[in-house]
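Taking it in order: structure first as structure tokens, then the write-up.
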Amino acid sequence: CLGDTQFCFRFRQSSGRRVSLHCLLDQFDKDLPVYLKKDPAYFYGYVYFRQVRDKTLKRGYFQKSLVLISKLPYIHFFHTVLKQIAPEYFEKSEPYLEAACNDVDRWPAPVPGKTLHLPIMGVVMKVRIPTCHDKPGTTQIVQLTHQGDTHISVILPTVHEVDLFRQMLWELVLLGEPLVVMAPSPSESSETVLALINCISPLKYFSDFRPYFTIHDSEFKEYTTRTQAPPSVILGVTNPFFAKTLQHWPHIIRIGDLKPAGEIPKQVKVKKLKNLKTLDSKPGVYTSYKPYLNRDEEIIKQLQKGVQQKRPSEAQSVILRRYFLELTQSFIIPLSPPQLRQFLPEEFMKTLEKTGPQLTSRIKGDWIGLYRHFLKSPNFDGWFKSRRKEMTQKLEALHLEALCEEDLLLWTQKHTEVETVDLVLKLKNKLLQADREHLPVKPDTVEKLRTHIDAIILALPEDLQGILLKTGMT
């Protein structure tokens, strides 16, 4: 691939390594939509690669990559940053990179919901990181409205979204099925994998995914072994070697050479896996999977009409993104009522007749079968645990608010010193927990509780006061 290409990859953090660098990011995580939260076990590598002919070099080519490593899955944003600095870096080398790093050091914290102005090598980027309170499916495009904004050079409508204009396999991604994307280039590979995991938004894809996976990855043996079933992971690959190594995988997408922007293949056929030859197989989806839901002819007609009318690829993406968002929301609405008791699949199935997706989606098919399969998947497990944690935190916050409204000083007058000391220690632990777990508690609630604790301590004998004032926080 001559010229410049961009792609991204994802890799595991070394086990047992504690990175204190990122504790600052944790406090922002709670306000982010689920798909933008960082995964503590992984890093992202964003790549700008240049390959051009150069007769002065021994190999006859100049080949170099600039890689930006981050915990943050802000794909579009970091690709834009690299686009600004990589071409100049290839010309001017290390001092230019040092200057770029100095610019990045001056950036404010990535606070969700705030409009950020980020200088990078003479250019100012204006961007807003979404929050979990934004309406799903809306893109917050920041308009140039202020006079003082004349110095802004680049306005980013999104920090993370990639082009969704691809053949989508929504059910396979939803169910966490093992999936390999065989692509002609790293950029096609990474864009397709990222588009796949984005298609189930606002649900988070909880299994592993590798936008660009190579034989040098440390998980290569783990993910290509034939001694056990393929794991729940989406791999993007370009090396023809994988056609042989991964041909036992149940679902394989082969992408052909690049199409002009906005063009859609007339028909991407689904073929049986036995038809996948080692190297010369045609583009298509190779799987024996039988979908639970019927095809939606309406969306296909809408996209084909867009191709005929030469509708831009970005506009086609928006139509497709909205379609998958509505489909995922229809699927997840019946699951949404919070339950702290044990989840009972059969009880849930009985509710679908009255509250199922047929109320919000026009698509027909075996929804019940799809739910049964989904309930056994890593995506359900991850979704359920995060919802349970969310509900537990809300209950903890409500408990704190209820404690604030109680006359705790009156309570201590009716109880022994030992019970009062126990209460103070428990209340202090509650405050520590609220801070540590970023519980959704109002700031005045925390202040009220601190005032309660101080009042209780001051009502105790002096020797106890000294001990309790030193213990933890007040």
* Asked: Computed over the Cα atoms, what is the radius of gyration of region 279-360 divided by 2.2 N^0.38 Å, N being its residue count?
  -> 1.54
* Give the Debye-formula value of log10 I(q)/I(0) at each listed q (0.14, 0.27 Å⁻¹), with one equal scatterer per alpha carbon of region 377-441, two decimals each. => -0.54, -1.12
* Sort 308-318, 219-229, 235-245 for me by packing, meaning the mean count of neighbouring Cβ atoms within 10 Å per residue, highest on top. => 235-245, 308-318, 219-229
* Surface share of carbon and sulfur [accessible, 1.4 angstrom probe, percent] for region 287-371 -> 55
* Asked: From the residues Gln358, Leu335, Phe374, which one has its Cα farthest along the dipole of region 316-374 in the positive direction, the dipole being from +1 and -1 charges on Cβ of Lys/Arg and Asp/Glu about the Cα centre?
  -> Gln358
* To do: Give a quick list of trypsin sites (Lys or Arg not before Pro) in region 37-100 that DSSP marks as loop, anything other than H, G, I, E or B, with at most 14 other Cβ atoms within 10 Å.
  => Lys55, Lys58, Arg59
* Can you list the aspartates and glutamates whose alpha carbon sits under 20 Å from that of Lys55, skipping same-chain ones fewer than 8 residues off? -> Asp4, Glu91
* Asked: Counting only Cα, what are the radius of gyration and maximum Cα-Cα distance Dmax of region 185-249, in Å?
  -> 12.2, 35
* **Tail beyond 13 Å, pair distance distribution of region 346-392 (Cα, percent)** => 64
* Past the 27 Å Cα-Cα mark, which pairs from Lys38/Lys114; Lys114/Lys376; Lys114/Lys428; Lys58/Lys244; Lys389/Lys414; Lys71/Lys428? -> Lys114/Lys376; Lys114/Lys428; Lys58/Lys244; Lys389/Lys414; Lys71/Lys428
* Structure fact -> Here, trypsin sites (Lys or Arg not before Pro) of region 385-442 satisfying both criteria (DSSP loop; at most 10 other Cβ within 10 Å) are Lys414
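The values are calculated or read from the model by the stated rules, or taken from the named source; none is laboratory data. What you are looking at is a predicted structure, and each value in this text was computed from that prediction instead of being measured. Positions of Cβ are generated from backbone atoms using ideal geometry, with glycine treated the same way; all protein chains shown enter the neighbour counts. Note: accessible area is taken over every heavy atom of the protein model, side chains too, but ligands, DNA and RNA are not part of it. Shrake-Rupley method; radii C 1.70, N 1.55, O 1.52, S 1.80 Å.
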